[in-house]
Amino acid sequence: MRGLDLAIIALFLVGMPLLGTWIGGRQKSSTDYFVSEKRISWWVVCLSVVSAETSTLTVLSVPVIAYMATPAQGGMTYLTLALGYIVGRIIVSFVLLPRYIAGDLVTAYAYLGKRYGNGMRATASVTFLFTRLLADGIRLFATAIPIKVVLAEYGITASYWAIVLALGIAMVFYSFFGGARAVVWVDAIQMLWYVLGGVVVVWVLAGQLPDGWFGKAADADKFQLFDFTSSPLTGAYPFIAAFFGGALLSMASHGADQLIVQRLMATRDVKSAQKALIASGFVVFLQFAFFLFIGVMMWAFYNGVDPVKDLKLNNKDELFAHFIVNDLPSGLSGFVIAGILAAALSSSLGALASSTVTDVYERVRKTPMTDEERLRHGRIWTLVWAGLLIVCAGLFASSNKTTADPIVVQALGIAGYTYGALLGAFLLGLIFKRVRQVDAIIAFVTTVLVVGFVILGVKFVGSTPTIDFAKADATRKSLTGWWNTPLGVAVTLVVGGLLSLRHSRAVPVRDELDVKTKA
């Protein structure tokens, strides 16, 4: 690495937070801080949604999925998940979004408070907070990987702890001062940057690959799109599990996760939010396909060697960063690394702060807060969550030396414990009119316990399930993670639906949001 590359990276890390602060301006109210007074164009929110959900995990880890895929798995079968994402977003756009946007809410969980009561609202919000903390801890650690590689090539030894601290400070700067408007606009700019960085990689690789590489990759099934042969219970991306699970996962992440819902609430109206959400599904599909293709090109470039054994990397997720640092020309290398960092600075701090203040703190306090107090507490909790996120990322970096799964799969695995319960709570209230708050809370807790037991304790020997809490291996495989969210939704609906039979009357209409007249 030359000084030019480090200068580009340093300029980005300083300039992007300053740009976000300038774009955000000064917030005059808590609504402005949390959802930007609902004035942002749908296409900007669309790009922000894509950046928020994929970010560094996509840039670093998705190419590795295609690179490491065996002929039995197929290099492009991950796209089956993205097809399910599109379907899930369309359903959320017409089922849940009108209840948030037309209901003039600040968080997704405020709807649960309207439907059930503050107990269910707080339960869902706390679950979101801890799940998001863990998932974004992985995400922040993922960003530290290429920085560590870059610094090592320049002869600088830096710990992951030091790197995540610097990244956390950059991220909290514009989130604290710029609010939701800064977060959404910076997300959109950063998404365009890291995609352009990917284009640079493809351009360089195309000039270095040998003749016939495409045919060789095709013969190795690197372009196989669907997997109809692997076990739907334990396969990596079997069509039924990946498509159906992807649809439910997308419904949960974009309909019940405040990280995404907060961005959609920043649009002008329901139709704008729907356009942003549906369009984001198609953009994500194209983005996945693009970075998977980069993985296939790297497979041809390195002749499919093992990243850890043959290239002496610490883990396979360093492969893309290794190529960028060692095989891109100076200047271009710094630009692409800055693009990867751009993906990381998509901040969840505003979502965490808004949910903490409006769904938890204000409910515990029980006395109404003034708008000035709500704004002040929003900024305080932005700082608190930034500190917790840095600690979580550092701890994960310390324990992630020999993990077998790509980091993108690990992040989705964390969400698998709770996404089914969160989405199920929303659907339960829509489908079963007699269900009460206590029914929903019991169903929610039961779902988390059942899904956790299945993830940790159920292994398959062939197609036969067994109870075994030992680590999965070649003879004992875990249920593929794409079933976790559908399983959670099913448990919530069954348990909550049965409990609702105890009641003879439906919940009074006054306890629900009347979205028809407002829409």
* **Computed helical MRE - 222 nm, the chain, DSSP H runs ≥ 4 contributing -39500 (n - 2.57), nearest 500** => -22500 deg cm²/dmol
* **Residue-wise HN-Hα coupling along the stretch 135-145, computed from phi with Karplus coefficients 6.51, -1.76, 1.60 (Hz; x: Gly, Pro)** => 5, 6, x, 4, 4, 5, 4, 4, 6, 5, 4
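Sort Trp381, Trp299, Trp213, Trp203 by Cβ crowding within 10 Å, fewest neighbours at the top.
With the sparsest Cβ surroundings first, the list reads Trp203, Trp213, Trp381, Trp299.
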* To do: Work out from phi, with θ = phi - 60° and the Karplus expression 6.51 cos²θ - 1.76 cosθ + 1.60, the ³J(HN,Hα) of each residue of the stretch 213-229, listed in order in whole Hz, and give x for Gly and Pro.
  => 5, 5, x, 4, 5, 5, 5, 8, 6, 6, 10, 5, 8, 10, 10, 9, 9
* Structure fact -> Residues Phe282, Phe34 in order from fewest to most other beta-carbon atoms within 10 Å are Phe282, Phe34
* Computed label-point distance, nm, for sites Ile467 and Phe130 using a 7 Å Cα→Cβ extension -> 2.4
* **Added length on full extension, which subtracts the Cα-Cα distance from 0.36 nm per residue, Thr70 to Phe214** => 50.2 nm
* Given H placed 1.01 Å from N in the peptide plane, which residues other than close sequence neighbours of Asp468 have an amide H under 5 Å from its amide H? -> Val458, Lys459
* **Distant-in-sequence amide H partners of Ser478 (H built 1.01 Å from N, under 5 Å)** => Phe460
* Rounded to whole Hz, the Karplus (6.51, -1.76, 1.60) HN-Hα couplings of the stretch 374-391, x for glycine and proline -> 5, 5, 5, 5, x, 5, 4, 6, 4, 5, 4, 5, 4, x, 5, 5, 4, 4
* Among all stretches of the chain without exposed trypsin sites (Lys or Arg not before Pro) (DSSP loop, at most 14 other Cβ atoms within 10 Å), which one is longest? -> 40-308
* Relative to the compact globular guide of 2.2 N^0.38 Å, what is the alpha carbon radius of gyration of the stretch 241-349, as a ratio? -> 1.38
* Asked: Can you list the lysines whose alpha carbon sits under 25 Å from that of Lys275, skipping same-chain ones fewer than 8 residues off?
  -> Lys38, Lys516, Lys518
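Only counting other Cβ atoms within 10 Å, I'd like Ile9, Ile442 sorted with the fewest neighbours first.
Listing Ile9, Ile442 from fewest to most nearby Cβ atoms yields Ile442, Ile9.
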* Structure fact -> In terms of the charge dipole of the stretch 3-518, which places +1 on Lys and Arg and -1 on Asp and Glu at the beta carbon, the residue among Val284, Leu388, Ile145 farthest towards the positive end is Leu388
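Under 1.5 on a/c is rounded, so check that first for the chain, then, if it is not, pick prolate when a/b is larger than b/c and oblate when it is not; a ≥ b ≥ c are the square roots of the alpha carbon gyration tensor eigenvalues.
In terms of gyration-tensor shape, oblate.
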* To do: Give, rounded to the nearest 20 debye, the magnitude of the charge dipole that the stretch 161-267 has about its Cα centre when Lys and Arg contribute +1 at Cβ and Asp and Glu contribute -1 at Cβ.
  => 300
* So if we plug the beta-carbon distance of Val202 and Leu501 into 1/(1 + (r/R0)^6) with R0 = 45 Å, what FRET efficiency do we get, rounded to 0.05? -> 0.20
* **Label-to-label distance, nm, for residues given as Val384 and Leu430 (7 Å Cα→Cβ offset)** => 3.2
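Using 0.36 nm per residue, how much length does the chain from Arg376 to Ala7 gain when fully extended, once their Cα-Cα distance is taken away?
129.3 nm
Laboratory data are not the source of any read-out in this text; all were calculated from the coordinates shown. Just so we're clear, the structure is a prediction, and the values are computed from it rather than from any experiment. Positions of Cβ are backbone-derived with ideal geometry, glycine not excepted, and every protein chain shown enters the neighbour counts.
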